[in-house]
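Notes follow once the structure below has been shown.
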Amino acid sequence: MSCHRSAQHLAVLIAVALAGAAGAALAEDVSGRQVYVDYCASCHGANLEGQPNWKQRLPTGRLPAPPHDATGHTWHHSDRQLFRIVKEGPAAMMPGYETDMPGFGAVLDDGEIAAALDYIKSTWPERQRDVQAAKSASDPLQP
Ligand code: HEC
């Protein structure tokens with residue numbers, strides 16, 4: 001095989017590898033979004049906008065679902081805290097706390113929970129992503 005042909009061959013291999021990587025990344029985004037749509041959007045909103053008047057307690061004394069976009073405070077929590085909130089529910093972190101947010105550990109596996117959170121994070125502007133990444137980096141319990 002001439003030099004020219006093997007260079008062409010290499011270029012094809014690289015193109016195939018890149019296409020594969022892009023396809024895998026896309027599949028992750030889609031499934032994280034799908035988990036969100038199926039399990040989270042009913043309360044947190046199809047556009048992550050949360051429930052109306054989310055800062056005002058409901059007649060039950062509980063809080064409505066906050067938005068997951070930049071106007072909410074999801075990005076104030078480290079990765080570890082977010083994962084625990086979703087897996088175990090806020091009540092597991094604060095015993096006795098009355099909340100409408102269930103834990104999803106029984107219905108979603110760890111990968112699905114992480115994918116849903118990655119989807120939420122992928123919608124944030126750079127500032128929110130930077131602040132949240134810094135929270136994760138400085139969380140003393142972050143694995
Ligand atoms: C039945 C309604 C409901 C569903 C479904 C739901 N949530 Fe929530 N979620 C809430 C409520 C209500 C709160 C506010 C909790 C509180 O403080 O009482 C909340 C809070 C949160 C918080 C903490 C936000 C913050 O800023 O402190 C996260 C993170 C979260 N939810 C993620 C999710 C994810 C991810 C899903 C889907 C896997 C989901 N939620 C599904 C109702 C829901």
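Coordinate-derived values only; no laboratory data. Treat the numbers as computed from the prediction; the structure is a model and nothing was measured. We place every Cβ from the backbone using ideal geometry, glycine too, and count neighbours over all the protein chains shown.
Some values worked out for this structure:
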read-out: Inter-probe distance in nm under a simple model that places probes 7 Å from Cα toward Cβ, at Cys43 and Ser122; value: 2.3
read-out: Partners for Lys121 among lysines (Cα-Cα distance below 19 Å; same-chain residues under 8 apart left out); value: Lys87, Lys135
